[in-house]
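Please read the structure below before turning to the comments.
The values are calculated or read from the model by the stated rules, or taken from the named source; none is laboratory data. Since this is a predicted model, take the numbers as computed values, not measurements. We place every Cβ from the backbone using ideal geometry, glycine too, and count neighbours over all the protein chains shown. Just so you know, the surface numbers come from the protein's heavy atoms only, side chains and all, with ligands and any DNA or RNA stripped out. Shrake-Rupley method; radii C 1.70, N 1.55, O 1.52, S 1.80 Å.
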Amino acid sequence: MKMEKNEPAPLYTKIYHGYGHTNNCTLFGHVFAGAPVTRNYDRSSTWQNIVHLIRLFMLRPRADVPVRLTWNQQQFYSTTASDGFFSFSWPSETSIPAGWHAVTVEALNGEGLPINSGTGKLFVPHVTQLAIISDIDDTVLVSHSSTILKRLFLLFTRNPRSRRAFAGIVEFYQWLALACTEGDTLNPFFYVSSSEWNLYDDLVEFFHHNHLPAGSFLLNQVKRWYNLFKTGKTKHEGKLLRIVRILEAFPHQRFILLGDNSQSDPIIYQSIVQKYREQIVAVFIRSVVSQHDARTQTILQTITAQGVPTHLFNDSATALVQAKMIFGGEKVLP
């Protein structure tokens with residue numbers, strides 16, 4: 001049926017993997033106008049990659065849309081912000097077992113009736129001794145974030161299945177998933193990045209395709225087409241705030257922080273250790289810009305002085321060796 005000229009475009013609700021536990025559940029999402037952007041990852045030429053990336057930044061966020069979250073028998077309400085973003089934080093009335101749980105969010109009209117819905121997942125970690133907060137670009141995924149033209153070239157010409165992970169990173173992260181735990185009780189991963197929510201599906205596909213540990217993603221604000229050439233660039237305060245939210249959601253959890261020295265990770269992690277020293281058990285930084293190594297080492301020395309082991313590494317194999325020295329067979333908690 002053809003849409004009338006003045007009829008508003010249909011909406012769709014996009015939900016991202018949430019996280020939490022019985023007393024503190026968190027979920028994010030967006031409401032956009034138009035149809036969702038989809039992709040066939042198996043059949044992707046350079047031209048198709050270019051078109052797909054442009055479409056990801058042609059999103060049309062919708063502000064001031066009422067949204068309703070349904071969780072078991074509970075319902076919660078919110079409203080989208082100017083960029084179409086919404087968030088929910090709530091306690092569950094019933095105990096939540098570890099694992100992934102389905103969550104439904106509906107976009108509502110002015111009369112409070114649903115006009116669109118989306119289903120997402122909420123991740124409740126097992127009770128383990130460790131959790132991992134990791135950057136993505138130039139920590140896990142080769143991105144050349146410090147050189148915008150190289151970063152854009154990769155974004156435009158590659159798809160998530162042809163993007164390259166750093167050598168040895170899969171083995172390193174798979175080992176971290178089992179460090180100080182056993183069996184199916186894996187350590188949880190939280191991926192905090194300066195990449196925008198526009199790239200969420202592509203990042204999830206990259207991690208799945210490369211057999212990297214599943215986890216929750218916390219990304220940067222959606223960018224529009226006219227800011228495409230600023231992708232991956234953000235003030236470090238936003239990333240710092242996202243990490244703080246995780247630490248405060250799991251106050252009794254101990255965390256390993258992983259990042260790189262292409263942008264602000266060392267400074268951010270220094271700030272985190274200063275305020276949340278008891279929750280941080282190690283900091284690993286990948287050297288991707290050798291000119292930053294001296295400054296990075298100086299920052300890491302201030303972290304080490306507070307009793308937190310640190311390691312600046314060039315390849316994932318040496319980071320794995322260091323992690324085994326720190327955590328191999330040892331108790332982290334008293």
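Below are the figures for this structure:
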quantity	calculated
Share antiparallel - DSSP beta bridges, the chain, percent rounded to 5	60
With DNA, RNA and ligands ignored, accessible area of Thr302 (1.4 Å probe; Å², nearest 10)	60
Calculated from backbone phi, Karplus (6.51, -1.76, 1.60) coupling profile of region 282-293 in Hz, x at Gly/Pro	5, 10, 10, 10, 7, 8, 10, 10, 4, 5, 8, 4
Estimated FRET transfer efficiency (Phe156, His211; beta-carbon r; R0 30 Å; 0.05)	0.70
Heavy atoms of Arg164: accessible area, 1.4 Å probe, square angstrom to 10	140
Length added when fully stretched, Ser45-Arg295, from 0.36 nm per residue minus Cα-Cα	85.9 nm
Distance-filtered residues of region 98-115 - backbone nitrogen under 17 Å, label point 7 angstrom along Gln75 Cα→Cβ	103-115
Sequence of Ile15, Ile148 when ordered by accessible area, the most exposed leading, probe 1.4 angstrom	Ile148, Ile15
Average Cα contact separation per residue, region 1-135, under 8 Å, 6 or more apart, as relative contact order %	29
Accessible surface ranking that places the most exposed of Met325, Met58 first, with a 1.4 angstrom probe	Met325, Met58
Order of exposure, largest accessible area first, which applies to Cys180, Cys25 with probe 1.4 Å	Cys180, Cys25
Above-threshold pairs, the threshold being 23 Å between Cα atoms, out of Lys14/Lys223; Lys275/Lys324; Lys239/Lys324; Lys121/Lys275	Lys275/Lys324; Lys239/Lys324; Lys121/Lys275
Cα-based Rg and Dmax for region 281-334, where Dmax is the largest Cα-Cα distance (Å)	12.0, 39
Overall Cα dimensions of region 139-275 - principal axes, largest extent first, Å	44, 33, 23
Proportion of all alpha-carbon pairs of region 82-129 beyond 17 Å (%)	52
Heavy atoms of His209 accessible to a 1.4 Å probe, total area in Å² rounded to 10	80
Value at 222 nm in deg cm²/dmol, rounded to 500, when DSSP H runs of n ≥ 4 in the chain each add -39,500 (n - 2.57)	-8000 deg cm²/dmol
The chain: most fluctuating residue of Pro266, Pro188, Pro36 per GNM, C-alpha cutoff 10 Å	Pro36
Under 11 Å, Cβ to Cβ, from Tyr19 - net charge with Lys/Arg +1 and Asp/Glu -1	+2
Overall form of region 24-174 per C-alpha gyration tensor (a/c, 1.5; a/b vs b/c)	oblate
R0 of 30 Å, Cβ-Cβ distance Ser82-Ile115: FRET efficiency to nearest 0.05	0.90
